[in-house]
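Below is one structure, written out as structure tokens; the observations come after it.
Any read-out appearing in this document is the output of simple, stated calculations on the displayed coordinates, not a laboratory observation. Source: prediction; values computed, not measured. Every residue, glycine among them, receives a Cβ derived from its backbone with ideal geometry; neighbour counts consider all protein chains shown.
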Amino acid sequence: MGNLSGDPYVMNTNVWASGDGKKEHQFYLWFDPTADFHTYKIVWNPKNIIFQVDDVPVRTFKKYDDLPYPSSQPMTVHATLWDGSYWATRHGDVKIDWSQAPFVVNYRGYSSNGCVSNGGSSACPAGSDAWMNTELDGKALGTVAWAESKYMSYDYCTDGWRFPNGFPAECNRN
């Protein structure tokens, strides 16, 4: 998002729960995503949501029983090209050059593996639900900490302007 020639590209992640989607984390990518295809993966199960880039975990959003978590509605994933003039381009400082249109995004190798979860039990084809209980171990959590410390450019849990009455409750737990 919001790239100027020579600037790092930004990947935006967001989680919507109970109609609220103000749970963004943004990361500068440590590579040029336009130079080759890369693998972006979301593992979404009843315990957590894990965002990965080329099998490197960069974010985890944990489920807490007393906080909103996207588990009561069908999953949707949006991977699109959109006009983020204000949010994605340094609050509008970087103008979109519409003369360069059309803007194109290419995907390849898209796949999904989903199951229906009902109260902790899952209805998955035999042998296809290994991800259903996936959680990050200590090493993977260390990788998330590395991504956050080296490459995170926005964390909703530190945005006092956006949350003047206090941060969302999960910010004190993650």
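Some observations on this one:
- Theoretical gain in end-to-end length, C157 to V105 [0.36 nm per residue, Cα-Cα removed]: 15.7 nm
- Across the range 153-164, coupling constants 3J(HN,Hα) worked out from phi with the 6.51/-1.76/1.60 Karplus curve, θ = phi - 60°, read 10, 8, 9, 4, 6, 10, 8, x, 5, 6, 10, x Hz, and Gly and Pro carry x.
- Net +/- balance of residues flanking F167 in space, Cβ distance below 12 Å, scoring K and R +1, D and E -1: +1
- Sorting the segments 34-45, 6-17, 97-108 by their mean number of nearby beta carbons within 10 angstrom, highest to lowest, gives 6-17, 34-45, 97-108.
- Sorted on the mean count of surrounding Cβ atoms within 10 Å across their residues, most packed first, peptides 157-166, 52-61 read 52-61, 157-166.
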